[in-house]
Amino acid sequence: MKGKIHSYFAGGTVDGPGIRYVIFVKGCPLRCKYCHNPDTWTQEGALEEDVISIASKALKYKNYFGTKGGITVTGGEPLVQIDFLIELFKELKKENIHCAIDTSGIIFDRSNKMIMDKMDELMKYTDLVLLDIKHIDDEEHIKLTGKSNKNVLDFARYLDEKKIKVWIRHVLIPSITLNDEYLCKTKAFIDTLSNVEKVEILPYHTMGKTKYEQLGIKYPLEGIEPPTKEEVIHAKKMLGVIKDVT
C-alpha cells in the first residue's frame, strides 16, 4: 500500500500532544478560501511511498517524540487516502505509537457502507482526531469551502459515538467566521459532544499567499486582514476556550 505524500516534518508541536512527526499527504476535495497549502489540493507530483518505508522514517524519531508525542497525518485531506491511513496506523500501532489525523471529515457519509466500514476500521487505530470545523452555517460553509458541512458535523457526532478523542479547530476570519452569531452556534454544537478535549482558535493569516502567486491562482481573500489580538481573545471567550472573568 502506497501513500501520495507531499512532505514530512519532524518536530511539530501544534499538531497534537507532545512532539509530532507530521506527514503531509496530497489530495483534498475542499477549496477553502483561506487554505495555506493549495499545493496539496491535487495529487499531481506526489511522492508515492509505501507504508513500511513511511513508518520506518517516522520510527527513527521514536525516542525523540517519546511517549507523549507521536505521528500526525495532515494534508491535504488525509481521509481521501483512508486505505493508506488504515495500513499506516496498523503498522505504527505495532510500536505503540500515538496516531492522530488532522481532517475536515468531509468524506464521511453514513449512507455509504464502504466508507463506513473503512472508517470503523481506521478508528480502531486512531488515538486523536484534530477536526476542522470550517463554518457552522451550511450556506456559509459552501461559500467558504465549496462543500456542505453536513457530513463534517455528522462526522463529529460519529467520533463522539465512537468515543474517539477530538480537538476542535476553528479558523477565525474577519467578516466570515468572526461573527458572534456563528461563534455562539459553534459553541452550542461543540457542547453537544462529550469527547472534545480541546478547542483551538486558529487566527487567519496570509502566509500562504505566495503559494497562490507561484501556482498562478488568484488569492480568494485579498484585502482581508488577520484578526486583531482583541478579536481573537473575544472569540476564545465566545467558544469557552478562555473564561470571561469580567
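The values are calculated or read from the model by the stated rules, or taken from the named source; none is laboratory data. Note that the structure is a prediction, hence the values are computed from the model and not measured. For neighbour counting, all protein chains shown are included, and Cβ atoms are generated from backbone atoms with ideal geometry for every residue, glycine included.
Scan the range 64-78 for residues that are modelled with pLDDT of 90 or more and surrounded by fewer than 22 Cβ atoms within 10 Å (Cβ to Cβ) and report the count. So the count comes out to 1.
Selection within the range 218-239: residues that are in a loop (DSSP other than H, G, I, E, B) and in contact with a strand residue (DSSP E or B) (Cβ under 9 Å, 6 or more places away or on another chain). The member of this set that is nearest to His205 (Cα to Cα) is Pro226.
The residue pairs whose first member lies in the range 194-208 and is touching a residue at least 60 places away in the same chain (Cβ under 8 Å), whose second member is of a type in the set (Ser, Thr, Tyr) and surrounded by 14 or more Cβ atoms within 10 Å (Cβ to Cβ), and whose beta carbons are closer than 7 Å, counting only pairs six or more residues apart or on different chains, are Tyr204/Tyr34. If only residues of the range 142-175 that are in a loop (DSSP other than H, G, I, E, B) and in contact (Cβ under 8 Å) with a residue 60 or more places away in the chain are counted, the one that is nearest to Glu231 (Cα to Cα) is Ile173. Going residue by residue through the range 1-16, is there one that turns out to be basic (Lys, Arg) and either at pLDDT below 95 or over 16 Å from the mean Cα position of the chain (by Cα) (or both)? Yes, some residue in the range 1-16 is basic (Lys, Arg) and either at pLDDT below 95 or over 16 Å from the mean Cα position of the chain (by Cα) (or both).
Exactly one residue out of Lys150, Lys124 is surrounded by fewer than 19 Cβ atoms within 10 Å (Cβ to Cβ) and closer than 30 Å to Asp50 by Cβ: that is Lys124.
No other residue among Lys93, Lys60 is over 22 Å from Ile107 (Cα atoms), free of Cβ contacts under 8 Å to residues at least 24 places away in the same chain and in contact with a strand residue (DSSP E or B) (Cβ under 9 Å, 6 or more places away or on another chain) apart from Lys60. For the range 4-55, a residue qualifies if it is part of a helix (DSSP H, G or I) and either in contact with a Ser or Thr (Cβ under 9 Å, 6 or more places away or on another chain) or closer than 21 Å to His205 by Cα (or both), and the qualifying residues are Pro38, Asp39, Thr40. Give the range 56-103 a look and list any residue that's farther than 13 Å from Ala10 by Cα, part of a loop (DSSP other than H, G, I, E, B) and among the charged types (D, E, K, R), or say none. Correct list: Lys68, Glu77, Lys94, Glu95. Within the range 194-246, restricting attention to residues that are of a type in the set (S, T, N, Q) and modelled with pLDDT of 95 or more, the residue that is surrounded by the fewest Cβ atoms within 10 Å (Cβ to Cβ) is Ser194. Restricting the search to the range 163-193, which residues are hydroxyl-bearing (Ser, Thr, Tyr) and surrounded by fewer than 17 Cβ atoms within 10 Å (Cβ to Cβ)? Within the range 163-193, Ser175, Thr192 meet the criteria.
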